[in-house]
Amino acid sequence: MMKTFKKIGLDTLNGLSIGIVVALIPGALVNQLVQALLPTWPQLQFILALTAFASGLLPAISAVCVGMTAKLSPIQTSALALAAIAGAGNFTMKNGNITVNGSGDVINIAITIMIGYGVILLLGKSLKAYTILLLPLIVLVVAGGIGHLTLIPVGKITTLIGIGIEHLIGLQPILMGIIMGIIFGLLIVSPISSVGIATAISLSGIAAGSANLGIVGVSFALAIFGWQVNSFGTSIAHFLGSPKMQMANLMTNPKLLLPISINAGILGGLGAIFKIGGTPMSAGFGFSGLIGPLAALANRPSDFANISLVIILFFILPIALGLVANYLFNYKLHFFTAEDFALNFE
């Protein structure tokens, strides 16, 4: 029984990690550039629409990735996708119209998928010839129904975390920057939405800049820690896309959170020292789409000194810290190996 629960948990985390990357990377890569070009080329608006559609389909894409990871049949995988959509919370119905807002609550998506996965394993082949008729309905009603009921209480977890983070803003600036960097560095590799929390509490100014730099530190560190075993595309996707792709590896081996937390804290503290600013949207994104660096430059003179500072803090230092951490924790302390961060998306 424990082996089954462990398999459900691991398959869900692995599939969810891939699904998040697939659904969110298109927008992370091009949205900022497209928005900058819109005044000149308004025709590019359709790209923003397409990336928004991709983001909205995160629940279904994640469920499909879980189904493929678990080697479920097409019918079982499709049923899992229906349940995930029901439990995500981003699809709502009002006056007979269905609207989609955001990508959904990732924690609740995971819960719904795990319940649906359990139902599928429990039913096994008992439905026989009626599988195609009954399985989608059973999984949708049971797993999707439970997921719909847990949506509000699970959402309160994000709210409570946001309230806690809000209280940190009043701390001494450098201490606040260090803690903010660590917290958002950990949030970005968890099922919790860093962007959701930042926007919920309207995180801005130096606090947002430190939060963003914490994510940047984690992104580059994870890319460097696993570059010996991961492809070039997978490695750069950690900072051009999202380090959340490492969620399964980190959640199943929590000690790996230590070195990335150190890097996140250092960069968060430096962000406070140099008064790096940000916005609620930039706080939770990190380096992807250059959202963080551009937000840091937005309220500063675009002179050589400030551009150089942003390049150092958002690119040169994260790489340097990643290399130092890899040397110490991998080669000297043997705290981890590159295989701990291996990803296979083929």
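The values are calculated or read from the model by the stated rules, or taken from the named source; none is laboratory data. Since the model is a prediction, treat every value here as computed from it, not as a measurement. Note that each Cβ is placed from the backbone with ideal geometry, even for glycine, and that neighbours are counted across all protein chains shown. Ligands, DNA and RNA are stripped out before the accessible areas are found, and what is left, the full protein with its side chains, is counted by its heavy atoms. Shrake-Rupley method; radii C 1.70, N 1.55, O 1.52, S 1.80 Å.
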*If you check A23 against the conditions, is it within 19 Å of T99 (Cα to Cα), out of contact with any strand residue (DSSP E or B) (no Cβ under 6 Å at 6 or more places or on another chain) and free of Cβ contacts under 8 Å to residues at least 40 places away in the same chain?*
no
*Taking helices (runs of 4 or more DSSP H) that do not extend beyond region 1-107, which have at least 3 residues that are closer than 20 Å to S190 by Cα?*
2-37, 58-69, 74-88
_I need a count of the residues in region 301-313 that are open to solvent by 50 Å² or more (accessible area, probe 1.4 Å) and either basic (K, R) or in a helix (DSSP H, G or I) (or both)._
5
*How many residues does region 157-206 contain that are under 14 Å from T279 (Cβ atoms), open to solvent by 60 Å² or more (accessible area, probe 1.4 Å), modelled with pLDDT of 85 or more and in a helix (DSSP H, G or I)?*
0
*All but one of (1) open to solvent by 10 Å² or more (accessible area, probe 1.4 Å); (2) of a type outside the set (S, T, Y); (3) in contact (Cβ under 8 Å) with a residue 60 or more places away in the chain hold for G268; which doesn't?*
(1)
*asked:* Cβ-Cβ under 7 Å, sequence separation 6+ or interchain: first residue in region 136-147 and assigned to a helix (DSSP H, G or I), partner open to solvent by 60 Å² or more (accessible area, probe 1.4 Å) and among the small types (G, A, S). Which pairs?
replied: P136/S78
*Hey, among the residues in region 71-112 that are on the phi > 0 side of the Ramachandran plot and crowded, with 22+ Cβ neighbours inside 10 Å, which one's farthest from the chain's Cα centre (by Cα)?*
G89
*Which residues, taken from region 7-51, are open to solvent by 50 Å² or more (accessible area, probe 1.4 Å), out of contact with any Gly (no Cβ under 7 Å at 6 or more places or on another chain) and polar (S, T, N, Q)?*
N14, Q35, T40, Q43, Q45
*Does L135 satisfy being closer than 24 Å to L13 by Cβ and either touching a Cys at 6+ places or on another chain (Cβ under 7 Å) or open to solvent by less than 30 Å² (accessible area, probe 1.4 Å) (or both)?*
yes
*For G116, state whether it is open to solvent by less than 60 Å² (accessible area, probe 1.4 Å) and at pLDDT 90 or above.*
yes
*Scan region 52-70 residue by residue and report those that are touching a helix residue (DSSP H, G or I) at 6+ places or on another chain (Cβ under 9 Å), open to solvent by 50 Å² or more (accessible area, probe 1.4 Å) and farther than 22 Å from F5 by Cα.*
A52, L57
*Test L333 against the criterion of being touching a residue at least 24 places away in the same chain (Cβ under 8 Å) and not small (G, A, S), and give yes or no.*
no
*Check off (1) among the small types (G, A, S); (2) modelled with pLDDT under 95; (3) within 19 Å of L323 (Cα to Cα) for A248 and give me the number that stays unchecked.*
(3)
